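Accompanying notes for the structure given below.
The values are calculated or read from the model by the stated rules, or taken from the named source; none is laboratory data. Please read these numbers as outputs of a predicted model, since none were measured by experiment. Here the Cβ positions follow ideal geometry from the backbone for every residue, glycine too, while neighbour counts run over all protein chains shown.
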Amino acid sequence: MVSINELTLTDVEFLQTVREINKNPEKHKHSDKGEMPANSKSVRLSSSLNGNQVSYRMGGNTNSRGFAKSDNPLIISYAPVKIDSGFGPRSVDLTDRGVKMLAEAQKQVNEISGISRTEFNEMKKKVEELEELKTKVSKMETKVQDTNLFLRYITNWQPLPPIEELSPEHGIPARELQAGIYWTLHDAADELGRVRE
């Protein structure tokens, strides 16, 4: 006997589709080909399940999902009826237990879905924050690398002289050089401090 905890989302969709088709057969295609409106074809056409997933849950064989088995089944499975061209599809209907279990399962799915949406939004926010942090770290690393390269270039791999001794011969006036290096290192240190926090 299948219990509520054993139902999958595919099971819930199957049971829900069966109930909806049998309740409103005129709204669903191919609902007039079996003993009940919810037959293997109408269920497949009205859900996201494929043919194998539907057949597995329709009952009628030993390898089925087991919804029609036990003394207290979830569905009643009707054998294919004879039609002009042979036999129609197998059809099913929910039992009282099936209706009650579907309602309980839908409630659980809604609760889980609500939690999932909240968790998803929180995770999405954290991912966005991490991406933003990653970008900041990348920019910080670039600033440090640029500074190192610049210092190596202007010193020709020699110890850097005092800032006041640098002249426009290096291509950048001492005042501009001082400001540029200062603010580059200042921004890098500031970003590094935020990362450590």
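If you scan region 8-23, which residues turn out to be acidic (Asp, Glu) and either within 19 Å of the chain's Cα centre (by Cα) or outside the structural domain of Gln53 (by TED's automatic domain parsing) (or both)? I'd like the intermediate steps shown before the answer.
Our first condition is that a residue be acidic (Asp, Glu); within region 8-23, this holds for 11, 13, 20.
Once the filter is applied, which keeps residues that are acidic (Asp, Glu) and either within 19 Å of the chain's Cα centre (by Cα) or outside the structural domain of Gln53 (by TED's automatic domain parsing) (or both), region 8-23 yields only Glu13.
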Extreme residue, farthest from the chain's Cα centre (by Cα), among residues of region 74-98 that are over 9 Å from Gly59 (Cα atoms) and basic (Lys, Arg): Lys82
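Being in the same structural domain as Val12 (by TED's automatic domain parsing), hydrophobic (A, V, I, L, M, F, W, C) and free of Cβ contacts under 8 Å to residues at least 24 places away in the same chain narrows it down to one residue among Leu49, Leu45; which is it? Steps first, answer last, please.
Values: Leu49 fails: free of Cβ contacts under 8 Å to residues at least 24 places away in the same chain.
Going through Leu49, Leu45 in turn, the sole match is Leu45.
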Considering residues that are surrounded by 16 or more Cβ atoms within 10 Å (Cβ to Cβ), part of a loop (DSSP other than H, G, I, E, B) and at pLDDT 90 or above, the number found within region 8-52 is 7
Could we say that Ser77 is assigned to a strand (DSSP E or B) and either among the aromatic types (Phe, Trp, Tyr) or free of Cβ contacts under 8 Å to residues at least 40 places away in the same chain (or both) here? yes
Scan region 107-133 and report the pairs whose first residue is over 28 Å from Thr8 (Cβ atoms) and whose second residue is at pLDDT below 70 and not charged (D, E, K, R), with Cβ atoms within less than 8 Å and a gap of 6+ or a chain change. Leu133/Val195
Matching residues in region 91-114 - criterion: being charged (D, E, K, R) and at pLDDT below 85: Glu111
What about Gly88, is it modelled with pLDDT of 90 or more, on the phi < 0 side of the Ramachandran plot and buried (at least 18 other Cβ atoms within 10 Å of the Cβ)? no
Quick check: anything in region 85-95 among the hydrophobic types (A, V, I, L, M, F, W, C), closer than 16 Å to Leu15 by Cβ and in contact (Cβ under 8 Å) with a residue 24 or more places away in the chain? yes
